[in-house]
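The block underneath contains the structure these notes are about, expressed in C-alpha cells.
The values are calculated or read from the model by the stated rules, or taken from the named source; none is laboratory data. This is a predicted model, so every value here is computed, not measured. In this analysis, Cβ positions are derived from the backbone assuming ideal geometry, glycine residues included, and neighbour counts consider all displayed protein chains.
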Amino acid sequence: MTLVVALVGCTAPPSRPTAPTSTPTVVDVEPTGGGSDDCARRSRPAYANDSTFSGGNALGHVIDIVCDFGTDPPSVRDRAPGTPGRVAVAAHLSQVLGDAGWRTSTQGFSGRDYEGLRKEAVASYVEACSSEDIERVRGLAFANVLAERGSGPDLWILMAHYDAKAEASGDSVRANRTRPVPGANDGASGVAVWLEAARLLREPPEATFRILLTDGEDGFEDCHPLAGSLFHAQTLSDDDRARIRGVILLDMVGDPAAEFCYAHDAPALREMLVAAAVGLGVRSLADAPDCEVIDDQTPFAQLGLPAVDVIDFRGGRYPPYWHTLADVPSQLSADTLGEVGRVVLRALEEVTGP
C-alpha cells in the first residue's frame, strides 16, 4: 500500500542446494496473463550457501513468496489477509527463519483488535471504505511473523510487509482490477532481503535483532492500512520501547531502475545507512534524498521511536506496475536486491559489531 503524506497513497519450503536458477528480465507493465503467466514459467528456486549476501538468493525468496508451486502450472498466491495463501506464506517464512537459527513466533490479532488500536493512534490514516468493507475488516484474522536472534539490551527491528493487495486497483485493464496483486516488489522484495540477511546476521554481543514481517499493510482499498505495524508498535512492552535503537523498513527495494529515498524522523539512522552505502559504492542509496511517506515505519515514529523507511519512490512516483498484475518477479533485479542487502548488513555490523 504505502501512503504519501499528501494522501497518495504453501507448500513445503524449498531445499537449499547449489545456486539460484532465475535471471530477472523486465516485463511489460501489463502482461497478457498477468502474474500467473510469470509464475507458470518458473521452477522452484534453488539457493546458494554463499558467505556474502546473495541477490540471487533474495530473488529466489521473492519467487517462493509470490508463486505457489503446489499448483500445476505454478500460480500466483493471493496473500491478502484472511486468505489461505497468506497463511501458507506465513508458515513458509517462519520455517525459513527457523531453519536459519532464529527464534520464531507469530503475533496474531483480529480486525476488531486493530480497529480499537487505530482509533487510539496519534495519526489518522487515509481511509475510503464502505460500511460493508469495514465490517469485513473486523472479521479478518491477521498474523505478523517474528524472528529474533541475540539477547543483548539494544533492540533493532528489521521490518517489511509480506501481504499483498487483494485487488489490482492500479491496473488500467478493467477486467484485472478485482484480481489479487502478485506483490513481488510491493512487499515480497523487502521480506526477501531480510530472509537472505537472516542467513548471515551473526548474534550481536550487545543487541537483539528482531525481524518483523507484517500482515495487513496492503489489503482491499486501504481499509486496514498498516495493520500489522500499528498493532506491533502499539502493543510493545515498556521494556521493548526503551530498548529500541532503530527500526529499519524495506519497501519496494527490487526494481533494476529503483530511485530510493529515505522516509524517516531519525537522521542518525539515515546517516548509518548512507555511510554503509558510501563504503560499498552503492550510489542509489548513498545519494538517495529524503522523502515523506506514511508507511509501516509511521506507527513507530509516532511513539517517538527512531525509524527509517528505505523505499523506491521515484521523485514522488511509485513504479509503473505498482498495485497491478504486473508486479511480478520478472520486474526485479538480483543486483538491486543484493545492493540493498549488503548495505543494511554493513550498517548493522557497524553499529552492533560483526
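Residue-wise test of (1) modelled with pLDDT of 95 or more; (2) over 25 Å from residue 179 (Cβ atoms).
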| position | (1), (2) |
| --- | --- |
| 312 | yes, no |
| 325 | no, no |
| 328 | yes, no |
| 337 | yes, yes |
| 340 | yes, yes |
| 344 | yes, yes |
| 348 | yes, yes |
| 352 | no, yes |
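Looking only at the stretch 56-96, how many residues end up being under 16 Å from residue 45 (Cβ atoms) and aliphatic (A, V, I, L, M)?
Within the stretch 56-96, residues that are under 16 Å from residue 45 (Cβ atoms) and aliphatic (A, V, I, L, M) number 10.
Which numbered condition trips up residue 328, out of (1) β-branched (Val, Ile, Thr); (2) farther than 30 Å from residue 76 by Cβ; (3) in contact with a Pro (Cβ under 6 Å, 6 or more places away or on another chain)?
It is condition (2) that residue 328 fails.
I need a count of the residues in the stretch 291-329 that are surrounded by fewer than 24 Cβ atoms within 10 Å (Cβ to Cβ) and of a type in the set (S, T, N, Q).
Count: 1.
In the stretch 162-193, which residues are in a helix (DSSP H, G or I) and either under 13 Å from the mean Cα position of the chain (by Cα) or buried (at least 24 other Cβ atoms within 10 Å of the Cβ) (or both)?
184, 185, 186, 187, 188, 189, 190, 191, 192, 193
Restricted to the stretch 127-177, and to residues that are of a type in the set (Asp, Glu) and more than 30 Å from residue 196 (Cα to Cα), which residue is modelled with the lowest pLDDT?
127
Keeping to the stretch 311-334, report how many residues are under 20 Å from residue 44 (Cα atoms), of a type outside the set (Ser, Thr, Tyr) and not in a loop (DSSP other than H, G, I, E, B).
The qualifying residues number 3.
Checking residue 89 against (1) part of a strand (DSSP E or B); (2) crowded, with 24+ Cβ neighbours inside 10 Å: exactly one of these is not met. Which one?
(1)
Does the stretch 201-217 contain any residue that is buried (at least 24 other Cβ atoms within 10 Å of the Cβ), at pLDDT below 95 and within 17 Å of the chain's Cα centre (by Cα)?
Yes, the conditions are met somewhere in the stretch 201-217.
Criterion first (closer than 22 Å to residue 350 by Cα and not β-branched (Val, Ile, Thr)) does residue 225 satisfy it?
no
So which residues in the stretch 66-83 are in a loop (DSSP other than H, G, I, E, B) and either within 16 Å of the chain's Cα centre (by Cα) or under 26 Å from residue 225 (Cα atoms) (or both)?
77, 78, 79, 80, 81, 82, 83
Give the residues of the stretch 309-336 that are touching a Phe, Trp or Tyr at 6+ places or on another chain (Cβ under 9 Å) and either within 22 Å of residue 175 (Cα to Cα) or hydrophobic (A, V, I, L, M, F, W, C) (or both), sorted by residue number.
Listed by number, the residues that qualify are 310, 311, 313, 327, 328, 331.
Would you call residue 196 of a type outside the set (Phe, Trp, Tyr) and surrounded by fewer than 20 Cβ atoms within 10 Å (Cβ to Cβ)?
no
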